[in-house]
Amino acid sequence: MPEVTMENGDGDVPEIVVERTLALIKPDAVHRAEEIEEIVLESGFTILQKRRIHLTPEQTSDFYAEHYGKMFFPSLVAYMSSGPIIAMVLARENAIGYWRELAGPTNSFKARETHPDSLRALYGTDDQRNAVHGSDGVTSAEREIRFMFPDSIVEPIPAGMVARDYLARAVNPTLLKGLTELCKQKPEDPCMWLADWLLSNNPNKPQVADRYAVQEPM
């Protein structure tokens with residue numbers, strides 16, 4: 001999964017790296033999902049995709065295939081397939097590292113000693129029922145996102161000049177028209193009015209001709 005850098009005005013020094021990572025809320029913490037998601041958002045992440053899923057033992061074995069043969073593998077599979085989980089694709093600068101830092105040490109007991117504000121310290125129970133999972137690198141993030149979201153297209157997130165050029169070309173002209181019309185109309189609910197206007201005036205919306213003729217065969 002390629003990283004996307006935003007450059008400074010000189011175009012030389014990267015300022016931030018925008019990444020995607022997979023985050024799981026495990027069965028033992030699903031009942032606290034809303035609290036965890038609130039912490040995620042407050043920590044600067046954007047939740048790009050989210051789904052609730054109950055994995056079968058076979059699916060869980062495939063997801064954790066790298067741990068196959070290890071002593072804890074059977075209990076890990078049994079635990080992760082014991083109930084629903086929440087899968088999320090998160091994005092922000094250096095998302096993989098920041099998410100793992102927010103999650104804390106794998107063992108919840110250690111997390112409470114060394115990282116008391118981490119998610120595993122707050123919501124985990126032990127070294128296996130530790131509330132959350134996070135991808136450990138770019139390659140695993142790409143694989144895990146595709147596993148949990150098969151239809152997901154893992155592409156670079158536009159940033160820097162690429163994002164600014166796209167906005168200037170494809171977004172700003174239409175948005176400016178909508179905001180101008182909004183000022184003229186002064187609706188009671190400006191947000192809903194603008195949303196409806198943008199839906200109706202989307203330049204990429206397929207257009208169907210009002211007038212057409214159907215020629216019957218002779």
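Every read-out reported here was derived from the displayed coordinates using simple, explicitly stated rules and does not represent laboratory data. Bear in mind the structure is a predicted one, so any value in this text is a computation, not a measurement. Reconstructed Cβ throughout: ideal geometry from the backbone, glycine too, with neighbour counts over all protein chains shown.
Exposure proxy check: ASP165, ASP127 ranked by fewest other beta carbons within 10 Å? If you can, show how the numbers build up before the last one.
On the way: ASP165 11, ASP127 15.
Going from sparsest to densest Cβ surroundings: ASP165, ASP127.
Within 10 Å of each residue's Cβ, count the other Cβ atoms and sort VAL77, VAL171, VAL30 from fewest upward. Provide the component values of the computation, followed by the final result.
Details: VAL77 22, VAL171 12, VAL30 16.
Lowest count first: VAL171, VAL30, VAL77.
Run the reach check for LYS50 against lysines, Cα to Cα strictly under 28 Å, same-chain hits fewer than 8 apart removed. What comes back?
Excluding near neighbours in sequence, the set is LYS26, LYS205.
Scan the stretch 26-80 for trypsin sites (Lys or Arg not before Pro) in coil per DSSP, keeping those whose Cβ has at most 15 other Cβ atoms within 10 Å, and list them by number.
Details: sites: ARG32, LYS50, ARG51, ARG52, LYS70; in loops: LYS70.
Sites meeting the loop and neighbour criteria: LYS70.
Sorted from fewest to most neighbouring beta carbons within 10 Å, what does the list ILE39, ILE86, ILE96 look like?
Working: ILE39 16, ILE86 20, ILE96 23.
Listing ILE39, ILE86, ILE96 from fewest to most nearby Cβ atoms yields ILE39, ILE86, ILE96.
Summing +1 for each Lys or Arg and -1 for each Asp or Glu, what net charge is found among the other residues whose Cβ lies under 10 Å from the Cβ of TYR123? Could the numbers behind the result be given before it?
On the way: positive: LYS26, ARG32, ARG120, ARG129; negative: ASP28, GLU35.
Around TYR123, the surrounding residues sum to +2.
Going highest first, how would you order 130-142, 172-184 by mean Cβ packing within 10 Å?
Working: 130-142: 19.5, 172-184: 12.5.
Per-residue mean Cβ counts within 10 Å order the peptides as 130-142, 172-184.
Around ASP136, which amide H atoms from residues at least 5 apart in sequence, or from another chain, sit under 5 Å from its own amide H, with H modelled in the peptide plane?
It is ALA141, by chain and number.
When the Karplus curve 6.51 cos²θ - 1.76 cosθ + 1.60 is applied with θ = phi - 60°, which whole-Hz ³J(HN,Hα) does each residue of the stretch 63-75 get, with x for Gly and Pro?
5, 9, 4, 5, 9, 4, x, 7, 4, 8, 4, x, 5
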